[in-house]
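As structure tokens, the structure follows; a few thoughts come after it.
The values are calculated or read from the model by the stated rules, or taken from the named source; none is laboratory data. Everything numeric in this text was worked out from a predicted model, so none of it was measured. FYI the Cβ positions are ideal-geometry reconstructions off the backbone, even for glycines, and counts take in every protein chain you see.
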Amino acid sequence: MTKEIEAPLSQLALAWLLAQKDYIVPIPGSRNPGRVAQNTAAANLVLTADDLARITEIAPECGIGGRLN
């Protein structure tokens, strides 16, 4: 059984980006203080190797565009 990550998709996407390379720094924009807090909390979301493999299984081309290579 796959564990479910309790996080909004935008937070999961930021955590995934942070897990890719040390030099990748996402800079999300927001006008809403709640969203800024949510985006910041992505840095505390720990993705395991299994989590990252599952995300790759679901979105093998890094989502639409496949820009991360």
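Tell me which residues, restricted to region 41-55, are under 10 Å from the mean Cα position of the chain (by Cα) and either in a helix (DSSP H, G or I) or basic (Lys, Arg) (or both).
Residues satisfying the conditions are 42, 43, 52, 55.
So residue 3 ticks every box in (1) more than 14 Å from the chain's Cα centre (by Cα); (2) at pLDDT 85 or above but one. Which box is left unticked?
Answer for residue 3: the failing condition is (2).
Taking into account only those residues within region 52-62 that are within 12 Å of residue 13 (Cα to Cα) and in contact (Cβ under 8 Å) with a residue 24 or more places away in the chain, which is surrounded by the fewest Cβ atoms within 10 Å (Cβ to Cβ)?
Selected residue: 52.
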